[in-house]
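See below for the structure under consideration.
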Amino acid sequence: MQKQWKLGQPDTQAAAQLSEALGITQICAEVLLSRGISSPQTAKAFLEAPPLSDPFLLMDMEKAVQRILQAIEQGEAICVYGDYDCDGVTATVMLVDWLTYAGADVRWYIPTRKEGYGIRCEQIDLLKEQGTSLIITVDNGISAIEEATYIREKGMELIVTDHHRPGDVLPDAVAVVDPHRADCPSPFKPLCGAGVVLKLIAALEGGDYDSAIEQFGDLAALATVADVVELSGENRYLVKRGLELLRNTERMGLLSLMAVCAIDIHKPITSTMAAFQLAPRINAAGRFASASIAARLLLTDDPEEATLLAAQIQTLNDDRRATEKVILDQILDEIREKPELLRRRVLIFVGEDWHHGVVGIVAARLMERFGKPCFLLSREDGEGYRGSARSFGSFSVFECLHACAPHLVRYGGHPGAGGFTVAEDALSDFSEAVEAYAAAHHGTMPAMTVHAERAISANDLNPRNIDGLRVLEPYGAGNVQPVFALLQVLVQERIPIGGGKYIKLKGVQGQIPVELLIFRCTAEESGIRTGMLYDFLVTPEVKQFQGRAQLGVRAEEWRVSGLQQAQMIAAEQAYDAYCRKEALPEAYYAKMCPDRNALVAFYQAAERTPQPMELLCRRLKDADMNYCRARLCADILSELGLIAHDVVNDTIRLLPVQQKRDLSESLILQNIQAMTVK
């Protein structure tokens, strides 16, 4: 579905005043205004980022510290119980590292993804056999109500450190340290698991953050970015300081990991590098083998072992990417064979033995590509169908799963994402229930919205302006990298780079030259043609090359200039509803139904090479060709074997004529004509 662009229109005069008050560039001030930061006081507070609050303000922190220090002093066996994602791994490493140097008898355990999230009673039994007397959870434990009771029954004690929201009942533990506790007075709530552990370490050192941040700020920053928590307040301070430490880290594992990522530690390390290069590799260990590999990498002091483990993780990450591509390609092929799958309110795809570690990633990519919530399920022998879902806007994955609970073995999540299991014989009922929920709660499904700070001219895209945006870093959730709208660009050249995997565009806005880069997209997939005007959403950045500042502008979204997005989205929604056989206002059918002249015009406008549907609509504007009518033209002519419509890329191409066809043979045309007559 066509995405909805929303462009900010910040007050330039107010921006000028903010710019003067703070000593920042005009464009930087405009970005702040577009994000609702309008006064010098709030802008200064945001840019400077407050230091971390007293760790002892976290409820039960004093209890946790006293019990841990007691265990160290008495030589008790302690187990740090982590989680298999980047946040859980780094939190485990941080606490194990600190306890080791404090002289504790410490071990650690991170479950595999197959074992599942959180504490398991069978592992509690093993820890008891090993002589463990104190279990400390990191990045999990807040929902371990039954397991906490079991730990106490086994004669052990539990300390929970977590950042997930608790239920109505807290675990029976010596201490439950979680900023989201209703009775927790700590002022900053959206910490990740490693952020909570950093505060625990500071508390163990008497409340002194200097040593804790110096030792573990690099890992805490990496986890904060990876866990996509809001980068405001204390998180902003933590990431800003931690990225500086990451550049100068002495941790062998991080150095080896940055080496396989080709990250130059002599240059600034950004949150983008952490989010898209380091974190995915740590996560790949947990997705494709065991997160213990990543934990061992971050714990080792041996350069040779670090090099070997980093290479192993790099291989796992390559496997992860290859597996993602295989699954994605299978689904795209299925869509080409069954275009009706894209007409559903919610996209649902089912496969055999898809790797559960990546189905969530693939679901997110499909959601982004087609602008609809996406549910992916994989059939696993003896376990029914395990699934992951991703959504956006007002459509809540969790509420949908809750409504479908009678067909589920288990489920969990939040509005934007969730995991679930469907019984072997309940797949059809579940799929119908998802569509029924969507229809009942969303008469019109939400359109995916992308935001830009404001429209920008090619003149404004210069190193000084863009470099002035650095004060907004680090970027992440709640503080994304600024996106601008670059409108009315005449594309003159389309140059394949990177072996054809990427594109460089050369063009002009007015008379001013423009160069844009498009990643993870071939020239054919982009649908961009030379000699035409396009609008782009772009993220510009300045990089240093041989001591000189160079501007790079990456295109994130694009469309033909002059698109009437509200009409386009409404037309798509009407077409989808028609394909689902939903009732539409009678007047719609006449506007949708193509007559002979429209079909002929559409056919004559098509070419032997693939042409974007959007472009065809633009060319046929004078023929009153809205998107809905164009889609029906494509369906009718495809049914008759006259054109091929690739619904994945939404492109049209002419087919060689095998025999003369009569338009009246089309069952699709007959059906829509019958609706028009009614």
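The values are calculated or read from the model by the stated rules, or taken from the named source; none is laboratory data. Keep in mind that what you see is a predicted model, and the values were worked out from it rather than measured. FYI the Cβ positions are ideal-geometry reconstructions off the backbone, even for glycines, and counts take in every protein chain you see. Heavy atoms of the whole protein, side chains included, go into the accessibility calculation; ligands, DNA and RNA do not. Shrake-Rupley method; radii C 1.70, N 1.55, O 1.52, S 1.80 Å.
Between GLN41 and GLU607, the simple spin-label model (points 7 angstrom out along Cα→Cβ) gives 5.9 nm.
Pairs of lysines in region 181-333 whose Cα atoms sit within less than 28 Å of one another amount to 4, provided the residues are eight or more positions apart or on different chains.
The GluC sites (Glu not before Pro) of region 568-599 that DSSP puts in a loop, and whose beta carbon has at most 16 other beta carbons within 10 Å, are GLU582. Expressed as a whole percent, the accessible area of region 545-658 that falls on carbon and sulfur atoms is 49 (1.4 Å probe).
Would you mind getting me the FRET efficiency between ALA182 and GLN66? Use the beta-carbon distance for r and R0 = 30 Å, nearest 0.05. After rounding, the FRET efficiency stands at 0.85. Taking LYS506 as the anchor, which aspartates and glutamates have their alpha carbon closer than 19 Å to its alpha carbon, excluding any fewer than eight residues away along the same chain? LYS506 reaches ASP460, GLU493, GLU515, GLU524, GLU525, ASP535, GLU541, GLU556, GLU557.
When you restrict to C-alpha pairs under 8 Å that are six or more residues apart and normalise by the size of region 313-450, the relative contact order lands at 20 percent.
The helix-based estimate of mean residue ellipticity at 222 nm for the chain, built from -39,500 (n - 2.57) per DSSP H run of four or more residues and divided by its residue count, is -13000 deg cm²/dmol to the nearest 500. Once the chain from LYS501 to LEU126 is taken as fully extended at 0.36 nm per residue, the excess over their C-alpha distance is 130.0 nm. Annotation: per residue accessible area for the chain equals 44 Å², rounded to a whole number [probe 1.4 Å, protein chains only]. Taking 7 Å steps out from each Cα toward its Cβ at GLU525 and LEU22 produces label points 3.6 nm apart.
Between 0 and 90 degrees, the angle of helix 209-226 with respect to the longest Cα principal axis of the chain falls at about 30 degrees. Could you work out what % of the accessible surface of region 387-537 is carbon and sulfur, using a 1.4 angstrom probe and leaving DNA, RNA and ligands out of the count? So the carbon and sulfur contribution to the accessible surface is 53 percent. Residues of region 179-223 falling in the label zone of GLU250, defined by backbone nitrogen less than 11 Å from a point 7 Å along Cα to beta-carbon, are 215. At a 1.4 Å probe radius, carbon and sulfur cover how many percent of the accessible area of region 105-216? Here it works out to 48 percent. Of the trypsin sites (Lys or Arg not before Pro) found in region 502-571, those that fall in a DSSP loop while having at most 12 other beta-carbon atoms within 10 Å are ARG520. Shown here for region 349-394: GluC sites (Glu not before Pro) in loop regions (DSSP other than H, G, I, E, B) with at most 14 other Cβ atoms within 10 Å, namely GLU383.
Each of ASP429 and GLN9 was given a label point 7 Å from its Cα along the Cα-to-Cβ line. The distance between the two points is 5.2 nm.
Against the main long axis of the alpha-carbon atoms of the chain, helix 627-639 sits at an angle near 70°.
For the listed residue pairs LYS6/LYS372; LYS3/LYS338; LYS3/LYS44, the alpha carbons are over 29 angstrom apart in LYS3/LYS44.
Region 344-358 and region 187-229 have Cα centres separated by 36 Å. The distance separating the Cα centre of region 494-570 from that of region 62-92 comes to 49 Å. Taking the longest Cα principal axis of the chain as reference, the axis of helix 596-605 is set at about 60 degrees.
Of all beta bridges that DSSP places with both ends in the chain, some 65 percent have antiparallel geometry.
Normalising the average separation of contacting C-alpha pairs (under 8 angstrom, six or more residues apart) by the number of residues puts the relative contact order of region 463-506 at 22 percent. Extension gain for ALA262 to GLN330 (0.36 nm times residue separation, less C-alpha to C-alpha distance): 21.4 nm.
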